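Here's the structure we're looking at; comments come further down.
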Amino acid sequence: MKLVFAGTPEVAVPALDALIASDRHEVAAVVTRPDAPAGRGRRLIASPVAERAEEAGIEVLKPAKPRDEEFLARLREIGPDCCPVVAYGALLPKIALDVPARGWVNLHFSLLPAWRGAAPVQHSIMAGDEITGASTFLIEEGLDSGPVYGTVTEAVRSTDTSGDMLTRLAFAGAGLLVATMDGIEDGSVHAVPQPADGVSLAPKITVEDARLDWAAPALRVDRVVRGCTPAPGAWTEFRGERLKVRSAVPVPDRTDLAPGELAVGKKNLYVGTGSCAVELLWVQAQGKKPMAAADWARGVRIATGERLG
């Protein structure tokens with residue numbers, strides 16, 4: 001099939017690579033979000049998908065909105081059979097959905113109908129799921145509600161951050177997306193409507209969602225830290241300033257600390273929760289780079305009884 005691939009961040013690149021490598025399909029063009037300011041100089045930077053497409057000599061389309069007439073006219077000129085999508089980052093209007101004969105097929109990083117929305121992996125980890133995965137589905141106008149072509153599952157490890165999980169799913173999902181394109185072409189796969197039961201939503205994680213509640217059990221603290229790493233970053237307050245917690249682990253045999261209370265060891269930093277203590281491994285003070293929590297504690301000279309939050 002002739003394909004137009006839509007995607008923006010780094011997590012979409014493995015799928016683009018897999019489609020480019022396929023000998024059954026042609027990636028005629030790529031659709032991605034416009035260049036965005038980044039870094040201290042706020043210089044405009046092309047998306048990872050745009051950079052990879054340009055390296056491969058593939059036409060790149062960067063509409064401000066996917067309903068822009070100039071973009072739609074070019075899409076019609078290309079005449080794709082199907083448009084695979086991975087984390088494009090904009091809602092597709094019906095006028096765009098109607099262009100390819102076989103529709104737009106999204107690779108979504110959850111086992112639908114669970115975790116429909118922008119942050120499925122983060123919500124899955126924060127909810128304590130033991131199994132997650134990826135799904136390919138036909139895009140409709142509803143939010144991730146279209147019929148599903150296929151799925152792949154992945155176990156959630158006890159130390160997985162959302163970044164770890166997304167990396168694994170990006171590669172597993174790339175294979176699933178290519179297999180889905182193959183199956184659509186030869187008629188061996190058919191989209192099946194999602195069940196009405198088991199729907200859960202995964203909206204974008206806000207900064208407030210990432211705030212740590214030290215009165216919650218250690219298990220909850222651990223899940224929020226892992227689910228919000230690398231972005232937006234779990235955080236708390238210390239001496240009136242924001243402190244990000246990059247890595248932490250529950251310590252079941254230490255229950256002597258009140259919620260938020262800090263205890264400094266020779267090489268360790270502990271904080272109390274609503275259950276057992278948590279050992280902080282990596283933290284990031286406001287305006288600073290990440291550092292070992294014990295080193296940070298020595299630098300700020302934590303007094304007895306001081307607390308986070």
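The values are calculated or read from the model by the stated rules, or taken from the named source; none is laboratory data. None of the values given here were measured: they were computed from a predicted structure. Virtual Cβ from ideal backbone geometry, glycine too; neighbours counted across all protein chains shown. Just so you know, the surface numbers come from the protein's heavy atoms only, side chains and all, with ligands and any DNA or RNA stripped out. Shrake-Rupley method; radii C 1.70, N 1.55, O 1.52, S 1.80 Å.
Worth pointing out:
- Taking a point 7 Å from the Cα of VAL199 along the Cα-to-Cβ direction, the residues of the range 116-140 with backbone N closer than 13 Å to it are 116-117.
- When each of the peptides 119-128, 161-170, 255-264 is scored by how many other beta carbons lie within 10 Å of its residues on average, the order from highest to lowest is 119-128, 161-170, 255-264.
- Partners of LYS94 within straight-line reach, counting lysines whose Cα lies under 17 Å from its Cα and excluding those fewer than 8 residues away in the same chain: LYS65.
- TRP235 long-range amide H proximity, modeled H, under 5 Å: ARG211, LEU212, VAL245
- Förster radius 41 Å - calculated FRET efficiency between ILE131 and GLU208 (Cβ-Cβ, nearest 0.05): 0.90
- Rounded to 10°, Cα long-axis angle of helix 69-78 versus longest principal axis of the chain: 60
- Structure-based [θ]222 nm, the chain - -39500 (n - 2.57) summed over DSSP H runs of at least 4, per residue, nearest 500: -7500 deg cm²/dmol
- Karplus-derived 3J(HN,Hα) values for the range 131-143, using 6.51 cos²θ - 1.76 cosθ + 1.60 with θ = phi - 60°, are 10, 9, x, 9, 9, 10, 8, 7, 6, 10, 6, x, 7 Hz; glycine and proline are entered as x.
- Net charge over other residues, Cβ less than 13 angstrom from the Cβ of GLY128 (K, R count +1; D, E count -1): 0
- Electrostatic bookkeeping for LYS62 treats Lys and Arg as +1 and Asp and Glu as -1; over the other residues with beta carbon under 13 Å from its beta carbon, the sum is -3.
- Using the Karplus relation 6.51 cos²θ - 1.76 cosθ + 1.60 with θ = phi - 60°, the per-residue 3J(HN,Hα) values for the range 260-274 come to x, 5, 9, 9, 9, x, 4, 10, 9, 9, 10, 9, x, 10, x Hz, with x marking Gly and Pro.
- Residues whose placed amide H lies under 5 Å from that of VAL60, excluding near-sequence neighbours: VAL30
- When the convex hull of its Cα atoms is viewed from all sides, the range 120-198 shows a mean projected area of 5.7 nm².
- Folded to 0 to 90 degrees: helix 218-227 orientation relative to the chain principal axis, Cα: 40
- Relative packing of 57-69, 214-226, 100-112, which averages over residues the other C-beta atoms within 10 Å, highest first: 100-112, 214-226, 57-69
- Under 13 Å from the Cα of LYS62 - aspartates and glutamates, other chains or at least 8 residues apart: ASP35, GLU51, GLU54, GLU70
- At an R0 of 22 angstrom, the distance between the Cβ atoms of VAL249 and VAL300 translates into a FRET efficiency of 0.55.
- In this structure, the pairs whose alpha-carbon distance is over 18 Å, taken from LYS244/LYS288; LYS266/LYS289; LYS204/LYS288, are LYS266/LYS289; LYS204/LYS288.
- Unit charges on C-beta of K, R, D, E only; dipole of the chain, Debye: 1440
- The chain: relative contact order in percent, alpha carbon pairs under 8 Å with at least 6 residues between: 13
- Helix 162-186 and the longest principal axis of the Cα set of the chain meet at an angle near 20°.
- Between ALA64 and ALA38, the modelled labels are 2.2 nm apart [label points 7 Å from Cα along Cα→Cβ].
- Built amide H within the under 5 Å cut-off of ALA118, gap 5+: ALA202, LYS204
- Put simply, when 143-153, 18-28, 38-48 are sorted by average Cβ atoms within 10 angstrom per residue, most first, you get 143-153, 18-28, 38-48.
- Each residue of the range 3-10 is assigned a 3J(HN,Hα), and the resulting list reads 10, 10, 8, 10, x, 9, x, 4 Hz, derived from the Karplus form 6.51 cos²θ - 1.76 cosθ + 1.60 (θ = phi - 60°), x at Gly and Pro.
- Stretching ASP98 away from GLU55 to a fully extended chain increases their span by 12.5 nm, per 0.36 nm per residue minus the current alpha-carbon distance.
- The residues neighbouring ARG74, those whose beta-carbon lies less than 12 Å from its own, together hold a net charge of -3 under the Lys/Arg +1, Asp/Glu -1 convention.
- Antiparallel content of DSSP bridges confined to the chain, in %, to 5: 65
- Label reach from GLU237 (point 7 Å along Cα→C-beta): in the range 277-296, amide nitrogens under 16 Å belong to 286.
- Accessible area per residue for the chain, computed on protein heavy atoms with a 1.4 Å probe, is 48 Å².
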